[in-house]
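Novice: The structure that follows is given in the form of structure tokens.
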Amino acid sequence: MIFSYLEKQEIMKRRTFIQSTGALTAGAIITSCAGASAPSEVVKERIRTAHIGVGNMGLEDLKAISSHAKVDVTALCDVDSNNLNAAQALFPKAKIYKDYRVMLKELGDDIDAVVVSTPDHTHAPASMMAMEMDKPVYCQKP
């Protein structure tokens with residue numbers, strides 16, 4: 001009886017949950033970047049983001065975060081040229097990179113937040129490097 005009741009319920013799909021969570025987290029990143037934590041800090045009018053991994057969920061994260069009016073997508077990074085080209089078509093002003101280490105070193109002061117949407121085995125090193133640069137990070141994986 002319980003099982004048939006659950007079957008009739010509309011069950012949230014995993015992808016919908018992840019997209020919703022990503023959009024909420026993006027809002028938190030934008031808010032934390034835009035707000036000043038000390039009186040001497042200047043409140044930023046725009047948030048410049050760098051995206052590491054722009055295929056599949058990375059592209060969804062990119063679309064969700066860039067939909068905020070105060071976000072400028074500054075850099076895109078992916079090892080897959082097809083993913084990178086698709087993302088660049090959406091954001092032609094963004095600089096493109098194949099290596100996140102090069103991107104973070106070159107753009108250190110030109111980005112305010114980093115979004116990491118890479119496969120499981122690569123998200124930790126990219127996230128750690130960005131955090132060591134004192135950048136807020138949204139990481140796709142737990």
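Novice: So which residues in segment 95-107 are without any contact (Cβ under 8 Å) to a residue 24 or more places away in the chain, open to solvent by less than 90 Å² (accessible area, probe 1.4 Å) and in contact with a helix residue (DSSP H, G or I) (Cβ under 8 Å, 6 or more places away or on another chain), if there are any at all?
Specialist: I96, Y97
Yes or no, residue by residue, for (1) of a type in the set (K, R); (2) touching a residue at least 24 places away in the same chain (Cβ under 8 Å); (3) in contact with a helix residue (DSSP H, G or I) (Cβ under 7 Å, 6 or more places away or on another chain):
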| position | (1), (2), (3) |
| --- | --- |
| A87 | no, yes, yes |
| L90 | no, yes, no |
| A113 | no, yes, yes |
| S117 | no, yes, yes |
| S127 | no, no, no |
| D134 | no, no, no |
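Novice: Those residues that are at pLDDT 90 or above and open to solvent by 40 Å² or more (accessible area, probe 1.4 Å), I need them from segment 108-128; list them, please. Lay out the reasoning, then the answer.
Specialist: Step one: of segment 108-128, the residues at pLDDT 90 or above are 108-118, 124-128.
Listed by number, the residues that qualify are D109, D110, A124, P125, M128.
Novice: Is there a residue in segment 26-46 that is part of a loop (DSSP other than H, G, I, E, B), at pLDDT 95 or above and β-branched (V, I, T)?
Specialist: The answer is no, given that none of the residues of segment 26-46 is part of a loop (DSSP other than H, G, I, E, B), at pLDDT 95 or above and β-branched (V, I, T).
Novice: Related question: Kindly provide the set of residues from segment 132-142 that are modelled with pLDDT of 95 or more, open to solvent by 50 Å² or more (accessible area, probe 1.4 Å) and under 14 Å from the mean Cα position of the chain (by Cα), ordered by number.
Specialist: Matches in segment 132-142: none.
The values are calculated or read from the model by the stated rules, or taken from the named source; none is laboratory data. Since we're looking at a predicted model, the values are computed, not measured. Note that we place each Cβ from the backbone using ideal geometry, even for glycine, and neighbour counts take in every protein chain shown. Accessible surface is based on the protein model in full, side chains and every heavy atom, while ligands, DNA and RNA are left aside. Shrake-Rupley method; radii C 1.70, N 1.55, O 1.52, S 1.80 Å.
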